[in-house]
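Engineer: Once you've had a glance at the structure underneath, I'll fire off some questions.
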Amino acid sequence: MRRLVRLVHTCPLFGSVMFVRILIGLVAFVVVACLAVVLVIQLAGWDWLRGPVETRVSRALDRQVTINEPLEVRWRWDFVPRVRFDNVTVSNEDWTGDEHFITLERAVADVAVLDLLRGRVNLREAWIRGMELRLSVDEEGRNNWGLGREDGQDRMPIVGALHLVESQVIYRNAAREVSFTANLDSVVAEDDEGADRTSISGEGEIRGNPLRFTGEGDGVMRLRDPDQSFAFRVDIEGGETRFIFDGRLGPRGSFREIAGALVLRGQNLRDIYEFTGIPTPDTPPYDLTLDLARVDDVWQARNIEGVVGDSDLSGQLDYDTARDRPFVDAELSSNSLDFNDIGMLIGAPAIDPDDMSESELERAQARALREEGRIFPRAPLDVERISGVDGRLVFEGREVTGAGQALTEVSTVITLDDRVLLFDPLEFGFRGGRLVSRVEVNARGEETITSADGTFSAIRLEDFIPNDRIEGTFSGEISLVGMGDNIRRAMATSNGRIRALLDEGGISRRTLELIGLDLLNYIFASDETVTTSCGVADIVVTDGIGEAETLLIATPDSQIHGEGRFDFRRERFDLRVQARDTSPNIGSLGGPINIGGTFRDPDISPDDETYLRGAASVALGILLTPLASLLGTVQIDTVDGGVCERLLHQADAAEGE
């Protein structure tokens, strides 16, 4: 102040009359200008700002913004007046069919006027009531929420704080057949900081099924923060599927850095395709937990734990969306795999359809097979679902339960490559035996082609035919190719061959006499077990009809011969089986036993021993093979091939005579 006074006294200008005149003139000009501004505002109101605001915001959003009601302004001398906008609309893309992208019933904002004059829209704080935001995706995948020009991102409005009241987001996705309406509100958290929280709730539908959700998260403006993540929790119910996610988005609300804990529950894992795009088969009800994170373009599911039906499940999964075709890479395992759960994967659960403890879908599948009298399921492969994704799954079922201790373990490596589904290998472990196979389902053409090749060894016959009359182990190979998108149709059109060798077995003497219709010996025979020397068969399948080229079981005293066909089209037997003794017996009728009926309900004549029904029903699974080809192609370490070789030499000698 002293310096200013000294300057005034020492400077001739300040001490002159001229200076006084200049100073008075400047003060008068400022006063007149202020009076003029006040007069203009009083006469015209603040509504003159409406045009500049519309222009600036329209340029920033690259959409037409219209403020349909006069502005109301409460002026503050920090040049940040509080402005109220009523009935505001933002135009939409023409292809959506909706005139407006955003409509606002009312918006109140603290506007930085100086920034507005420099071409920047800066809202220090804003309150929104009655907002309706319409988000759309068409069948080609286009969306309507890309705002701002590529060369003008710096023109986007600056918003310091945003509060929402009675607002809605309306979402429609024609490509995924998803639509919902979400209600948004900002609430003040009851904590020391008093920070805003955002609540969300809504409902809609996904492919015709109802969709409901609720959630809560940080304040909306946290989504713009470059340094802090956005914490939220959401509970989504779509049809019979439920997701509960508790986690965070990355800085600026980035989904590329999402991470959190996910609970996944529902009646059928197949339904998660509607939400994730990952194709899965039909399953029983499930309850799973996992840690979900996204790293760049890869969604990572770690520490998967839970149950599917009566089976436990654990493992991990990656879903890479950066490739031209999204890729799923998973490793899953089960320490206790329920046999019924395996059957449901192919549409053939081994359950009582009247058992109300099972899921509705399981009972429906089992009931359909029972009513149709079938064993082959017709659940189709959904080609549409697998057409847009590739993947690889390694699965191991370490212990199988509920299979009568016959099946002990299951493992497979499944790959999906451009609509070709490959199980290689697909392995089943049995008590002392094993089935190793390769199954390919090729859906690239107009017709789906299914091929199956496998070998089996040392499988116990009594594991498939629970009885005390017939026992032994069998081994062999199978090779079939069929057309169709389900097992029933593929078997009905199949071509190939089924071969097997039965050895280390036994059959009760009373059964032998019955098969030979030796009635007197059947009545008086003891029930001792007669050791089988060898059993062979060869079934050639053409257009779904399996012709028994060879069916033979030999004991030291007799041979059982069979002939006929297996009709895979209608799932029916047409077989004749007859025992031939080495010496004639008084009382032997010598006639064959006919095996007819369906695979599910065989018809045996004469029908005396009930266990023969079980034996016939799994004749399809015995897979016998001719001697000449079997001995050169099937390696069976536990089988003594000497007996079969001697039988083969005897047959060759008989043919030579």
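Engineer: Rounded if a/c is under 1.5, else prolate if a/b beats b/c, else oblate: with a ≥ b ≥ c from the C-alpha gyration tensor eigenvalues square-rooted, which is region 334-385?
Structural biologist: oblate
Engineer: Work out, step by step, the length gained on full extension between Asn87 and Asn68: first 0.36 nm times the residue separation, then minus their alpha carbon distance; give nm to one decimal.
Structural biologist: Residue separation times 0.36 nm, minus the Cα-Cα distance, leaves 6.3 nm.
Engineer: Also: State the extension gain, in nm to one decimal, for the chain segment bounded by Ala259 and Asp185, taking 0.36 nm per residue of separation less the distance between their alpha-carbons. Can you show the working numbers first?
Structural biologist: Values: separation 74, 0.36 × 74 = 26.64 nm, distance 2.39 nm.
That works out to 24.2 nm of additional length.
Engineer: Expressed in nm to one decimal, what extension gain is obtained for the pair Asp291 and Arg444 from 0.36 nm per residue of sequence separation less their Cα-Cα distance?
Structural biologist: Numbers: separation 153, 0.36 × 153 = 55.08 nm, distance 3.50 nm.
Extending this stretch completely gives an extra 51.6 nm.
Engineer: What whole-number value in Å² describes the accessible area per residue of region 337-387 for a 1.4 Å probe?
Structural biologist: Per residue, region 337-387 has 51 Å² of solvent-accessible surface.
Engineer: With the Cα gyration tensor of region 157-285 in hand, give its eigenvalues times 5 under a square root as the equivalent ellipsoid semi-axes, listed largest first in whole angstrom.
Structural biologist: Each semi-axis is the square root of five times an eigenvalue, giving 29, 16, 14 Å.
Engineer: Cα centroids of region 248-298 and region 348-423: how far apart, whole angstrom?
Structural biologist: Region 248-298 and region 348-423 have Cα centres separated by 22 Å.
Engineer: Sorted by accessible area with a 1.4 angstrom probe, largest first, how do His163, His100 fall?
Structural biologist: Most to least solvent-accessible, the answer reads His100, His163.
Engineer: Taking amide H positions as placed in the peptide plane 1.01 Å from N, state which residues far from Leu162 in sequence (5 or more) or on other chains have amide H under 5 Å from it.
Structural biologist: Amide H neighbours of Leu162, under 5 Å, 5+ apart: Ala126, Met221.
Engineer: Could you check how much of the accessible area of region 197-350 is carbon and sulfur, as a whole percent, using a 1.4 Å probe?
Structural biologist: 48
Engineer: Quick one: work out Rg over Rh on the C-alpha atoms of region 228-267, Rh as Kirkwood radius.
Structural biologist: Value, to two decimals: 1.08.
Engineer: For the ranges 562-568, 166-172, what's the packing order if you count other beta-carbon atoms within 10 Å of each residue, average per peptide, and put the highest first?
Structural biologist: Numbers: 562-568: 18.3, 166-172: 16.6.
Final packing ranking: 562-568, 166-172.
Engineer: Quick check: at a probe of 1.4 Å, how many percent of the accessible area of region 408-457 sits on carbon and sulfur atoms?
Structural biologist: Carbon plus sulfur share of accessible area: 52 percent.
Engineer: With every protein chain in place, what's the accessible area of Phe423 (1.4 Å probe, Å², nearest 10)?
Structural biologist: Approximately 50 Å² for this residue.
Engineer: Which value, in Å², gives the accessible area per residue of region 191-245 when a 1.4 Å probe is used on the protein heavy atoms?
Structural biologist: For region 191-245, the solvent-accessible area averages 54 Å² per residue.
The values are calculated or read from the model by the stated rules, or taken from the named source; none is laboratory data. Keep in mind that this is a model prediction, so the values were computed, not measured. With ideal geometry, Cβ positions are generated from the backbone for all residues, glycine too; neighbour counts draw on all protein chains shown. These accessible areas exclude ligands, DNA and RNA; they are computed on the full protein's heavy atoms, side chains included. Shrake-Rupley method; radii C 1.70, N 1.55, O 1.52, S 1.80 Å.
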